[in-house]
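The values are calculated or read from the model by the stated rules, or taken from the named source; none is laboratory data. As the structure is a prediction and not an experimental result, all values here were calculated from the model. Cβ placement follows ideal geometry from the backbone for every residue including glycine, while neighbour counts extend to all protein chains displayed.
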Amino acid sequence: MAVSVVGLFIHNLIGYRVVAFMLLVTVSILAMFLDIVPVLTAAILSALIWDLFFIPPRFTLTVGTAEDRLLLLMYFIIAMINAVLTNKIRQIEKEAKAKDEKEKSVKFYTTLFNSLSHELRTPITTIIGSVDNLQTNSERLSEKDKADLLSEISVASFRLNQQVENLLNMSRLEAGVLSLKKDWCDINDLIYKTLQRLESNLQKYKLAVHVPENLPLFKLDFGLMEQVIYNLIINVTQHTPQDTLITIQADCIKDRLVMMIADNGYGFPEKEIDKAFDKFYRIKGSLPGGTGLGLSIVKGLVEAHSGSIKLENLPVRGSKFTIEILTEKSYVKPS
Amino acid sequence: MNNASVLIIDDESQIRRLLALTLHSNGYKIFEAATGKEGLTSVASHPPDLVLLDLGLPDENGHEVLRHLREWYTNPIIIISVQSGEEDIVRALDNGANDYLVKPFRTGELLARIRSALRKASSEPNVPTASFQDLTIDFVNRIVRKKNAIIKLTATEYSLLALFARNEGKVLTHQYLLNQVWGPSHENQSQYLRVFIAQLRKKVENNPNRPEHIITESGVGYRFIGKAIDE
């Protein structure tokens, strides 16, 4: 439309036939961005506009000369072909993109199922095998063998349970059905409660916890934040040697709750640090027992609190997770 | 506490068998019910000393069964819930359940909870003093001693501790504690509760960061432990 108005003013200078080309270019450009129906409409409309306003005698739909009649017909055909062709190209592009995405998601799910079937089947195999052994081979097993098999079953069951919990959490996050039950949290209690749950995992590690005495209460979902800290510390224990020092810090900086979990272990492969929170990402050569879900769940849970998490390597050695959450806080003093 | 009778209401036969085996070998008399309806009938015909109730029943919602039972049945009810059901747990506790277990649980934990609930049910409620390891509470004179030394508590801290002590081993929900100690108008002001719990721990616990008496039950409330769990 705007182009035809411009055309109206300048057609005396350039002649009405050039206006036709200007309109054609406009229709072609439109075809690159709009769907087939609006483009065809534009093509027809522009042909009519050209006829009505530019082809002499102007302001009528009649076309004076045979030459102009032919031109109008050709204009019309070119505009149509243009619109249809562009549309076709766009469709092919779209299909290629969809195919590409599908391939990507097939690849993603293949990784997922491989990882899952490994992580779920290993403990199940251990349980079935050990039980089978105890049932059919009982008289040939020493008391110590039996105790060992039972302890294998126990370890495998807990591992299985951990995996199932991770999967459930991931599904809840992805389905968007996770609802936060925010309440006032004593961060000190939160940290020590989680450490208590991790007692058996942390026996061979050194711990340092720094929580300022006057840290306010923050409104968070206690259970979910417990899961966050739990997963982060489990992650540290999976990738660092014994005797590693794990430092847990909490503070209130610029109204935000800032929590840091650092270790003095090997640090994170610098090239892959961006992938740490990706689903199913695992450092090459890491110990079995993880699904690569722990950190992506952490990120999901922190983001569900409208917070952020980052991972960085420390200058000397080790790495550090920093969580920042902006939420209500309270400095109630007991009276 | 041998020969106490326990009714297991759970639709999973495997869980029922496991619980029955465990409890039977520990001297309990077992009744089983696979549905809420069966459970209600069983309680009516032979009231057990304790009910283990699964919240996820197929016919009637476990909460409904709990509500029906609590209309007349006063013995302990321990609910069994699947993981991450905090809301369910709080609701059941507020509706009269005595305790909860989250699947999967260890046998030792199950036995400890049952023992604690039964002990509580049979204990004398009107004792003038109570002792919990190094802690002694004189309810008559409102005096608390730790390793024989009197510890100074504010009125609110004392009310909180006394409430815990009278409900030893039982999970008390945030709502319940706020309601009992601060009154119904403070039910939504859990910030007071957090601060007073921290304060109380500093006074009664040997290490407030590793509490032995006032235990946090994530997202649910607190549990007061008087004695070591497997005494």
Counting just the residues of segment A:191-221 that are touching a residue at least 24 places away in the same chain (Cβ under 8 Å) and closer than 22 Å to B:PHE105 by Cα, which one comes out farthest from the other protein chains (Cβ to nearest Cβ)? A:ASN201
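Scan segment A:154-162 and give yes if some residue there is more than 23 Å from A:TYR281 (Cα to Cα) and not hydroxyl-bearing (Ser, Thr, Tyr), otherwise no. So that I can check it myself, show each step before the final result.
Our first condition is that a residue be more than 23 Å from A:TYR281 (Cα to Cα); within segment A:154-162, this holds for A:154-155, A:157.
The next check asks that each one be not hydroxyl-bearing (Ser, Thr, Tyr); those that pass are A:155.
Yes, that holds for at least one residue.
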Counting only residues that are crowded, with 18+ Cβ neighbours inside 10 Å and either assigned to a strand (DSSP E or B) or away from chain A (no Cβ under 11 Å) (or both), how many does segment B:199-211 have? 1
When you go through A:THR136, A:THR125 one by one, which is the residue that is away from chain B (no Cβ under 11 Å), exposed (fewer than 14 other Cβ atoms within 10 Å of the Cβ) and within 34 Å of the chain's Cα centre (by Cα)? A:THR125
Hey, does segment A:180-187 have a residue that's in contact with an Asp or Glu (Cβ under 9 Å, 6 or more places away or on another chain), surrounded by fewer than 19 Cβ atoms within 10 Å (Cβ to Cβ), within 12 Å of chain B (Cβ to nearest Cβ) and more than 16 Å from A:THR327 (Cα to Cα)? no
Exactly one of A:GLU95, A:GLU101 is farther than 30 Å from A:ALA42 by Cβ and assigned by TED's automatic domain parsing to the domain that holds A:LEU167, and that residue is A:GLU101
Looking at segment B:49-100 only, could you name the residues that are small (Gly, Ala, Ser) and farther than 23 Å from A:GLU165 by Cα? B:GLY96, B:ALA97
Looking for something over 20 Å from the mean Cα position of the chain (by Cα), at the interface with another protein chain (Cβ under 10 Å from one of its Cβ atoms) and aliphatic (A, V, I, L, M) - is there at least one such residue anywhere in segment B:176-197? yes
Any residue that is modelled with pLDDT under 90 and not assigned by TED's automatic domain parsing to the domain that holds B:GLY108 - is there at least one of those in segment B:148-157? yes
Neighbours by Cβ (under 8 Å, 6+ apart or cross-chain): first from segment B:141-164, over 14 Å from B:ILE197 (Cβ atoms); second hydrophobic (A, V, I, L, M, F, W, C) and in a loop (DSSP other than H, G, I, E, B): B:VAL144/B:LEU153; B:ALA162/B:PHE139
In the list B:ILE80, B:ILE15, which residue meets the criterion of being closer than 27 Å to B:TYR176 by Cα and either more than 20 Å from the chain's Cα centre (by Cα) or in contact (Cβ under 8 Å) with a residue 12 or more places away in the chain (or both)? B:ILE80
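Does B:ARG91 count as within 14 Å of chain A (Cβ to nearest Cβ) and free of Cβ contacts under 8 Å to residues at least 24 places away in the same chain? It would help to see each step written out before you state the result.
Details: within 14 Å of chain A (Cβ to nearest Cβ): yes; free of Cβ contacts under 8 Å to residues at least 24 places away in the same chain: no.
No; evaluated as a whole, the condition is false for this residue.
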Determine, yes or no, whether A:SER115 is assigned to a helix (DSSP H, G or I), small (Gly, Ala, Ser), modelled with pLDDT under 80 and within 30 Å of A:PHE280 (Cα to Cα). yes
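Surrounded by 15 or more Cβ atoms within 10 Å (Cβ to Cβ) and either more than 22 Å from B:THR107 (Cβ to Cβ) or outside the structural domain of B:SER116 (by TED's automatic domain parsing) (or both): is that true of B:VAL51 in this structure? Walk me through how you get there before you give the answer.
On the way: surrounded by 15 or more Cβ atoms within 10 Å (Cβ to Cβ): yes; either more than 22 Å from B:THR107 (Cβ to Cβ) or outside the structural domain of B:SER116 (by TED's automatic domain parsing) (or both): no.
Criteria not met by B:VAL51.
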I want to confirm something. Restricting to segment A:283-315 and keeping residues that are modelled with pLDDT of 70 or more and part of a loop (DSSP other than H, G, I, E, B), which single residue is surrounded by the fewest Cβ atoms within 10 Å (Cβ to Cβ)? A:PRO315
So for segment A:303-311 (the condition being out of contact with any Ser or Thr (no Cβ under 7 Å at 6 or more places or on another chain), of a type in the set (Asp, Glu) and within 14 Å of chain B (Cβ to nearest Cβ)), does at least one residue qualify? no
Selection over segment A:49-85 where residues are touching a residue at least 12 places away in the same chain (Cβ under 8 Å) and either within 16 Å of A:LEU23 (Cα to Cα) or more than 53 Å from the chain's Cα centre (by Cα) (or both) yields a count of 19
